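To start, the structure under review is shown below, and the notes come after it.
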Amino acid sequence: MRTLKFLLQKEFRQIFRDPAILRIIFMMPVIQLIILPWAADYEIKNIKLAVTDKDHSSYSQKLISKITSSGYFQLTAYENSYHASLEKIEDDEADLILEIPASFEKQLVKEDEATLYLAGNAINGVKGNLGSAYLRSIIQDFNREVRLEWIQLPKFSPQTQIEVTSSNWFNALMNYKYFMVPGILVLLLTMVGANLTAINIVKEKEIGTIEQINVTPVQKVHFIIAKLVPFWILGLIVLTLGLLISRLFYGILPAGGFLTIYVFAAVYLLAVLGLGLLISTYAATQQQAMLISFFLMMIFVLLGGLYTSIDSMPVWAQWITRFNPVSYFIEVMRMVVLKGSGLSDIKQQLGTMFIFAVVLNSWAVINYRKRS
Amino acid sequence: MLNEKIITVDHLTKRFAAFTAVDAITFDVYKGEIFGFLGANGAGKTTAMRMLCGLSMPTSGKATVAGFDVYTQNEQIKKNIGYMSQKFSLYEDLTVKENMQLYGGIYGKSNQFIKDKTAFILEQLHLKDEANKLVGSLPLGWKQKLAFSVAIFHEPEIVFLDEPTGGVDPVTRREFWMMIYEAAANGITIFVTTHYMDEAEYCNRVSIMVDGKVEALDTPAMLKQQYQSPTMDDVFLKLARKATRSGD
């Protein structure tokens with residue numbers, strides 16, 4: 001135990017003597033949490049719309065003004081031919097084309113029926129898809145208005161009509177920041193845990209100081225614990241800072257309470273620190289450690305459920321996410337922040353994370369050798 | 001003094017795949033002597049030394065250090081030895097005092113011991129004013145002397161020095177050897193590698209490694225007689241020229 005005290009003293013001295021690292025550790029969450037949630041948005045806005053209006057009627061004008069007043073669309077071109085509009089898409093000046101045929105108004109009034117033509121630019125698939133879906137619902141709305149104006153609907157419609165009204169549970173306003181901010185915080189903790197630990201130990205390998213330690217009777221468990229503890233504490237400080245920013249800037253208060261988050265984060269950090277440690281036992285240089293952890297981070301982020309829903313991934317990818325610690329923390333964060341889940345609700349995730357921590361750390365300790 | 005064996009090495013071998021770095025070396029080191037371990041670059045000195053320190057696993061052969069077996073009792077060996085690697089490996093971002101405190105603590109020394117010993121070394125090295133400076137800011141010669149002092153801080157039975165005076169000026173080199181003599185006078189066995197043949201003359205006995213084998217082992221005087229050479233330099237050249245391995 002006395003040895004551990006001396007080793008911990010050494011680690012803390014070294015960390016606090018490197019102001020650059022400290023600054024990065026604290027600036028990273030502050031800047032990322034303040035800036036990123038405003039930009040990383042799921043909603044599609046500023047969809048550039050090119051309208052081919054061959055009708056030039058009052059109804060076509062009404063439709064266009066209804067579309068532009070929705071706030072999602074920018075009318076970037078108003079052409080007379082489909083060809084001219086297509087050129088706009090080719091020049092990337094438009095995401096969607098709406099063609100209003102020449103007899104639009106006439107048909108609508110006389111035959112109670114009219115056709116519109118929609119074409120989307122699928123280079124940015126999400127934008128094209130969601131754009132045309134938005135547009136379709138606006139047109140449907142328009143359709144209803146027109147019908148109300150022209151046809152006196154019978155009290156009981158001969159056709160069955162189902163009207164759907166929905167309410168969003170747990171996040172009533174569908175405020176994406178409520179799941180984006182905690183998600184980014186999870187990624188930050190992962191970075192601090194895995195990256196910094198890996199680089200810290202490999203740095204000792206590179207400059208040769210680890211050899212001087214290996215030639216002493218120090219127990220490797222002591223050496224490793226001394227490496228983990230400072231970063232574990234730093235991770236919890238980053239979490240606190242992040243939760244503070246979430247509260248101050250986004251008004252996010254975890255419905256399930258802070259204790260649940262801290263308990264899970266404490267175990268989670270042990271797991272990612274173990275991962276960093278494991279990386280360091282395989283990497284010989286800081287560059288190798290960086291590359292390995294970068295490789296893993298990419299997988300963690302893209303298969304973590306923050307940007308894309310895990311449920312809609314192919315089955316094999318869903319299997320990979322089960323080995324991704326990030327996916328568990330993001331799930332827990334959402335449960336706690338939005339749904340108000342408590343410790344008993346996240347038992348399963350907590351248990352899994354505990355297994356992660358034990359396996360990764362044991363693997364690292366076994367793989368760390370004082371003798372080559 | 002020259003009866004009790006403190007290191008015994010018997011056909012100790014280390015192979016890396018097809019390459020035999022250390023090829024069945026056999027020798028003994030006696031308690032209290034200054035043992036010079038010479039050889040050209042790439043002859044296998046560092047590998048042999050690392051095996052004796054418990055840093056590298058031997059492929060075959062036998063060896064004991066301070067009475068402990070290198071295969072099974074490597075952690076006991078570590079309690080009884082000091083080691084100074086070729087590459088300066090104290091913590092440059094810790095101060096002189098903090099480095100001594102750390103290594104004193106790791107070897108399980110009491111706070112009082114650490115305090116007294118630190119004061120003694122700072123006095124001896126004239127480093128009192130630098131005690132709270134970061135080690136990285138010291139000039140190389142001072143660093144080497146400090147590294148040696150830290151290697152024997154816990155008063156080990158044996159200290160292994162791997163080219164301790166590489167790149168150091170002649171004055172500092174002389175001072176360094178004064179420190180080695182002093183440590184030897186205090187009963188610490190010195191196992192030292194060097195490329196400077198004048199330093200070889202300071203040793204009680206010298207072995208010369210060529211291509212992973214110990215080719216010669218005796219006192220400097222006997223070696224000069226045996227190889228009919230006026231200097232150790234000449235002895236070394238005669239032996240090292242036979243080498244077929246290129247240096248590192």
Please verify whether segment B:7-30 includes one or more residues that are in contact (Cβ under 8 Å) with a residue 12 or more places away in the chain, part of a loop (DSSP other than H, G, I, E, B) and crowded, with 18+ Cβ neighbours inside 10 Å. no
Do you know which of the residues in segment B:39-71 that are on the phi > 0 side of the Ramachandran plot and either more than 10 Å from chain A (Cβ to nearest Cβ) or among the charged types (D, E, K, R) (or both) is surrounded by the most Cβ atoms within 10 Å (Cβ to Cβ)? B:Gly39
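Just to be sure, is B:Tyr107 at the interface with chain A (Cβ under 9 Å from one of its Cβ atoms) and over 15 Å from the mean Cα position of the chain (by Cα)? Give the steps one after another, and end with the answer.
Working: at the interface with chain A (Cβ under 9 Å from one of its Cβ atoms): yes; over 15 Å from the mean Cα position of the chain (by Cα): yes.
Against the criterion (at the interface with chain A (Cβ under 9 Å from one of its Cβ atoms) and over 15 Å from the mean Cα position of the chain (by Cα)), B:Tyr107 qualifies.
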State all residues of segment B:84-103 that are crowded, with 21+ Cβ neighbours inside 10 Å, more than 8 Å from chain A (Cβ to nearest Cβ) and either over 23 Å from A:Arg371 (Cα atoms) or over 19 Å from the mean Cα position of the chain (by Cα) (or both); if no residue qualifies, say none. B:Val96, B:Asn99, B:Met100
Qualifying position, being out of contact with any strand residue (DSSP E or B) (no Cβ under 9 Å at 6 or more places or on another chain), within 11 Å of chain A (Cβ to nearest Cβ), of a type outside the set (S, T, N, Q) and on the phi < 0 side of the Ramachandran plot, among B:Ile114, B:Ile81, B:Ile77, B:Ile121: B:Ile114
So which residues in segment B:83-107 are closer than 25 Å to B:Arg50 by Cβ and without any contact (Cβ under 8 Å) to a residue 24 or more places away in the chain, if there are any at all? B:Lys87, B:Leu102, B:Gly105, B:Ile106
Within segment A:325-341, is there a residue that is modelled with pLDDT under 95, surrounded by fewer than 17 Cβ atoms within 10 Å (Cβ to Cβ) and β-branched (Val, Ile, Thr)? no
Report whether or not B:Tyr30 is away from every other protein chain (no Cβ under 12 Å) and of a type in the set (Phe, Trp, Tyr). yes
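Applying the selection to segment A:104-123, what residues are surrounded by fewer than 18 Cβ atoms within 10 Å (Cβ to Cβ) and either among the hydroxyl-bearing types (Ser, Thr, Tyr) or outside any helix (DSSP H, G or I) (or both)? Reasoning before the result, please.
So in segment A:104-123, the residues surrounded by fewer than 18 Cβ atoms within 10 Å (Cβ to Cβ) come out as A:106-107, A:109-113, A:115-118, A:122-123.
Answer for segment A:104-123, where residues must be surrounded by fewer than 18 Cβ atoms within 10 Å (Cβ to Cβ) and either among the hydroxyl-bearing types (Ser, Thr, Tyr) or outside any helix (DSSP H, G or I) (or both): A:Asp112, A:Glu113, A:Thr115, A:Leu116, A:Tyr117, A:Leu118, A:Ala122, A:Ile123.
Within segment A:256-303, count every residue that is over 20 Å from A:Gly183 (Cβ atoms) and not in a helix (DSSP H, G or I).
So the count comes out to 3.
The values are calculated or read from the model by the stated rules, or taken from the named source; none is laboratory data. No experiment lies behind these values; they were computed from the predicted model shown. Neighbour counts are summed over all protein chains in view; Cβ atoms, including those assigned to glycine, are modelled from backbone coordinates with ideal geometry.
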